[in-house]
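I have placed the structure first, in the form of structure tokens, so that the comments after it can refer back to it.
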Amino acid sequence: MDDSWAYTKIAAWVREGMLTKERIVALLDHRIQSSYAIHDDEKLVIEGIFRSLGTNDRSGASNESLLTESAFTSLLHSKAALPRSTEGSQAGKVIYDSIASLSTLPFPRKSKSKTNGTIRQSSQGISREELVRGLAWALPDRAKSFIEKGPDACFRTEADHHRLIFQSLATAICEHRPNDFGLASSSKHDDDGDEIYHDLLDVLYSTQEVNHPGYSPVHRDTLRSVAKRISVENDVTSLHELAIPIGRFEILAKLLLAMQFTPPAEPSEFNSAARALGACFSQGQSSSTVGMITWPMFERGLRDDAPYLFAPFYRLLSTTFLDKSSTIDVLDASEAPPHPERRVVVLTRPLQSQLSTFLAPSVYFG
């Protein structure tokens, strides 16, 4: 097939400034807005949140509001019963960083400050558009509403979504070769780039402007070269450079285990359970990845050992920012019943929470 017309069209887009980072993000926002990624009633909830943050300058003109980390965490406390303990607040910060990270897609960056093996977000807050973008990537199956699918596109899989969650939690930049990390079974990388590169390629293909319904869009593969150039120009990170420090993972894991109960339990009860999950998710460490969870480790742990670990994460986001429970059926477990005196308590609450991360759909814990 002669694709010369497509390359001519792409070259024209480049000359006209249609493929700058700012323009690509604007097209993505428009695509999300016009899709079913965030429903109309959910948009009203988000708009209400930002109206409550609104400020005016001296002339009375409204300034764009930003959802700061403290305001974000406060919403989690008030709307989703995030525990107000130190552990709950620490996990709230991890969740804020996760959404802030997802809001940068498809341009996750390398250039972040590094302190004691972790990366600190420099963002002073999340705008309305960034929150919508972050939620659209974070919640399961929402990306399918704005990423084109079909014979000329890559289908978004459950593993793709798990990878985005991994990327959003990864705060360490590792200086190792890709082979040090192994290959995930769902890998989509090829000679042109890894999965993060293919996310950019998906967005370019899905957001291209088609001036007339009778005109064919340019094929996804014809965008490969320009996607590589855009990736380099914007210092987009590579998947093999990212890893989650085990300590950071355990901070969030404690909350996710605690949030399985209604009302939520105190996260500090789940220290040992979170450490067990950390050990599970870090299997296969090498000398170059000690203390870190790489993507292949994360994918294996979530796929094989704790597939429902993040169900409370999705429910927390949906409850806080969309005023609805998650579309995923999340276990609302009750506390394990007390045992008679002198009996050994076998099913403690931490053990019950661990079991529910892989048995939630098939066991009634109440």
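The values are calculated or read from the model by the stated rules, or taken from the named source; none is laboratory data. Predicted model, so just to flag it, every value in this text is computed and none were measured. Note that we place each Cβ from the backbone using ideal geometry, even for glycine, and neighbour counts take in every protein chain shown. What goes into the accessible areas is simple: the full protein's heavy atoms, side chains included, and nothing from ligands, DNA or RNA. Shrake-Rupley method; radii C 1.70, N 1.55, O 1.52, S 1.80 Å.
Structural remarks
- Which listed residue is over 30 Å from W13 (Cα atoms) and at pLDDT below 95, from A253, A273: A273
- Given (1) closer than 26 Å to L19 by Cβ; (2) at pLDDT 90 or above; (3) part of a loop (DSSP other than H, G, I, E, B), index of the condition S111 fails: (2)
- Just one of the numbered conditions (1) assigned to a helix (DSSP H, G or I); (2) open to solvent by 30 Å² or more (accessible area, probe 1.4 Å); (3) not polar (S, T, N, Q) is not true of P217: (1).
Per-residue answers, yes or no, for (1) charged (D, E, K, R); (2) farther than 26 Å from A143 by Cβ; (3) open to solvent by 30 Å² or more (accessible area, probe 1.4 Å):
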| residue | (1), (2), (3) |
| --- | --- |
| W5 | no, yes, yes |
| R15 | yes, yes, yes |
| E22 | yes, no, yes |
| H30 | no, no, yes |
| Q33 | no, no, yes |
| A37 | no, no, no |
| E42 | yes, no, no |
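- Here Y314 meets each of (1) modelled with pLDDT under 90; (2) open to solvent by 10 Å² or more (accessible area, probe 1.4 Å) with one exception, condition (1).
- Among the residues making up region 252-272, those that are assigned to a helix (DSSP H, G or I) and crowded, with 23+ Cβ neighbours inside 10 Å are L252, A253, K254, L255, L256, L257, A258, P267, F270.
- Checked against (1) touching a Pro at 6+ places or on another chain (Cβ under 8 Å); (2) modelled with pLDDT under 95, A243 meets all criteria but (1).
- Boolean, E299 is surrounded by fewer than 24 Cβ atoms within 10 Å (Cβ to Cβ), touching a residue at least 24 places away in the same chain (Cβ under 8 Å), in contact with a Ser or Thr (Cβ under 7 Å, 6 or more places away or on another chain) and of a type outside the set (F, W, Y): yes
- F321 satisfies every condition listed in (1) buried (at least 21 other Cβ atoms within 10 Å of the Cβ); (2) within 30 Å of I46 (Cβ to Cβ); (3) over 14 Å from the mean Cα position of the chain (by Cα); (4) without any contact (Cβ under 8 Å) to a residue 60 or more places away in the chain except (4).
- Applying the condition of being part of a helix (DSSP H, G or I) and either touching an Asp or Glu at 6+ places or on another chain (Cβ under 8 Å) or within 17 Å of T262 (Cβ to Cβ) (or both) to region 70-91 and asking which residue is most open to solvent (accessible area, probe 1.4 Å) yields S78.
- Selection from region 220-235 of residues that are of a type outside the set (K, R) and either over 19 Å from P108 (Cβ atoms) or open to solvent by less than 10 Å² (accessible area, probe 1.4 Å) (or both): D221, T222, L223, S225, A227, I230
- Residue that is nearest to S353 (Cα to Cα), among those in region 277-290 that are open to solvent by 30 Å² or more (accessible area, probe 1.4 Å) and assigned to a loop (DSSP other than H, G, I, E, B): Q283
- Every condition in (1) touching a residue at least 12 places away in the same chain (Cβ under 8 Å); (2) open to solvent by 30 Å² or more (accessible area, probe 1.4 Å) holds for D304 except the one numbered (1).
Residues checked against (1) modelled with pLDDT of 95 or more; (2) more than 22 Å from R133 (Cβ to Cβ); (3) surrounded by fewer than 17 Cβ atoms within 10 Å (Cβ to Cβ):
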position: L27; (1), (2), (3): yes, no, no
position: R51; (1), (2), (3): no, no, yes
position: R58; (1), (2), (3): no, yes, yes
position: A61; (1), (2), (3): no, yes, yes
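- Residues that are hydroxyl-bearing (S, T, Y) and modelled with pLDDT under 90 were ranked within region 161-188; the one that is surrounded by the most Cβ atoms within 10 Å (Cβ to Cβ) is T171.
- Leading residue by the ranking (modelled with the highest pLDDT) among those in region 145-159 that are surrounded by 17 or more Cβ atoms within 10 Å (Cβ to Cβ) and out of contact with any Ser or Thr (no Cβ under 8 Å at 6 or more places or on another chain): R156
- Condition met for D191 (open to solvent by 50 Å² or more (accessible area, probe 1.4 Å), modelled with pLDDT of 90 or more, part of a loop (DSSP other than H, G, I, E, B) and charged (D, E, K, R)): no
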